[in-house]
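Chemist: This is the structure, below, for whatever I ask next.
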Amino acid sequence: MVHTDTTVAGIRLSNPMMLASGILDENGYTMLEILKKGAAAVVTKSIGTSERTGYKPPVVVPIQGGLLNAIGLANPGIKNFRGEMEIALRGNKPVVGSIFGATADEFLQLALDMEEYGATAVELNLSCPHVAGYGTEVGSDPQLVEDIVTTLKSKLKIPVFAKLSPNVTNIVDIANAAHKADALVLINTVRAMSIDIHARKAVLTNRYGGLSGPAIKNVGVRYVYEVRKETGKEIIGVGGIENTNDLVEYVMAGASAVQIGTALYTQGKDIFSRIEANLEKFMEAEGFNRISEMIGVAVE
């Protein structure tokens, strides 16, 4: 009999799949639905210190190979998010609170609020590619990353995940700066754009956005492999996962679990249960009894 459960930073997951931040996760009821559909955990939308309306539409457009988005970190603000957390936690599965800020103090206050609301862990958005002053602009500064992670680890009782960007010169340098994090989340979206050739302008209001979906899967696998090989850190893989083979690639590259987002739009909300059923068949056929036996087997 095979076992598809796994652990990340001491958190037990019934299978290796989590809902990625930014997809159907601003509302407690949709997060609860995704948990009932088979996700082992959910990550909330990235929440800041105050409400943000984000950019004007269009903010998400389908393109070849995935989705292009520039939401602008729209969110209700941390003080308005307690109720959504309470609803999501009814699923009796891990709920990870994603947060963004510009300073270590901002991140700390947000993290403490998430901990108070019952979050199982916090995920630091150090990688949003399209909002000035946040995300990648914070996450590309090794010293600032180290300060943020160190500050949170000294004050929180729950695990800290650091979500890193592929849009940096050397992701291993940033991973090393975040060495005190309990796990690294790799990767966020790849900075990209698309032009409407008839309107003769960018399709997104913000012009630039983040590319997600199958087009970035092999970029994500490469970074998981590289960071695992160079740092040995526990990793959650993200980017372009649509089926069991994609999940297994990430795990064999060094991920203990994965997050799925864009595929919910293209494959439907049942994707978690479908992948888990096929994962069991794969493990039986390949002689794996547990997920832990697969983690990092391709890392040389």
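Chemist: Considering the values [x] 1.03; [y] 1.00; [z] 0.94, which represents Rg/Rh (Cα atoms, Kirkwood Rh) as calculated for the structure under consideration?
Modeler: Answer label, from the structure shown: [z].
Chemist: Same structure, new question: Simple spin-label model, 7 Å along Cα-to-Cβ: Ile87 to Lys36 in nm?
Modeler: Between Ile87 and Lys36, the simple spin-label model gives 1.2 nm.
Chemist: Based on DSSP H runs of at least 4 residues, each adding -39500 (n - 2.57), what is the mean residue ellipticity at 222 nm of the chain after dividing by all its residues, to the nearest 500 deg cm²/dmol?
Modeler: -10000 deg cm²/dmol
Chemist: With the cut-off at 1.5 for a/c, could you classify the stretch 49-108 from its C-alpha gyration tensor as rounded, prolate or oblate?
Modeler: In terms of gyration-tensor shape, oblate.
Chemist: Let me ask something else. In terms of modelled amide H atoms, which long-range or inter-chain residues lie less than 5 Å from the amide H of Arg191?
Modeler: Leu211
Chemist: List the residue ranges in the chain for DSSP H helices whose C-alpha atoms run 15 angstrom or more along the long axis and whose Kyte-Doolittle average is -0.5 or above.
Modeler: What comes out of the filter, once short or polar helices are dropped, is 104-117, 142-155, 271-286.
Chemist: Also: Quick one: which residues, 5 or more positions from Thr7 or on another chain, have an amide H under 5 Å from its amide H? H modelled 1.01 Å from N in the peptide plane, none for Pro or chain starts.
Modeler: It is Leu13, by chain and number.
Chemist: Would you mind classifying the stretch 163-245 by shape? Square roots of the alpha carbon gyration tensor eigenvalues, ordered a ≥ b ≥ c; an a/c under 1.5 is rounded, otherwise it is prolate if a/b is larger than b/c and oblate if not.
Modeler: Taking the square roots of the gyration eigenvalues as a ≥ b ≥ c, the stretch 163-245 is prolate.
Chemist: Related question: Quick check on the stretch 225-300: take the gyration tensor over C-alpha atoms, sort the square-rooted eigenvalues as a ≥ b ≥ c, and tell me if it's rounded (a/c under 1.5), prolate or oblate.
Modeler: Because a/c hits 1.5 or more and a/b fails to exceed b/c, the stretch 225-300 counts as oblate.
Chemist: Counting only pairs 8 or more residues apart or on different chains, how many lysine pairs in the stretch 202-298 have their Cα atoms under 23 Å apart?
Modeler: Number of lysine pairs found: 5.
Chemist: I need the calculated FRET efficiency for the pair Val61 and Ser154, taking r as the beta carbon distance and R₀ as 41 Å, to the nearest 0.05.
Modeler: Calculated value: 0.50.
Chemist: If you line up the Cα atoms of the stretch 5-119 on their principal axes, what length do they span on each, largest first, in Å?
Modeler: Rounded to whole Å, the extents work out to 39, 39, 24 Å.
Chemist: Using the Karplus curve 6.51 cos²θ - 1.76 cosθ + 1.60 with θ = phi - 60°, what ³J(HN,Hα) values do you get for each residue of the stretch 85-93, in whole Hz, with x for Gly and Pro?
Modeler: In residue order, the calculated couplings are 5, 4, 5, 4, 5, 5, x, 6, 10 Hz.
Chemist: For labels at Met193 and Val297 in the simple 7 Å Cα→Cβ model, what's the distance in nm?
Modeler: The two pseudo-label positions are separated by 4.4 nm.
Chemist: Can you give the net charge of the other residues whose Cβ lies under 9 Å from the Cβ of Glu26, counting K and R as +1 and D and E as -1?
Modeler: Taking every Cβ under 9 Å from that of Glu26, the sum is -1.
Chemist: Can you tell me the FRET efficiency between Ser273 and Thr7 if r is taken as the Cβ-Cβ distance and R0 is 25 Å, rounded to the nearest 0.05?
Modeler: For R0 = 25 Å, the calculated efficiency reads 0.75.
No lab work stands behind these numbers, since they all come straight from the coordinates. Quick caveat, the model's predicted, so the values are computed rather than measured. Note that we place each Cβ from the backbone using ideal geometry, even for glycine, and neighbour counts take in every protein chain shown.
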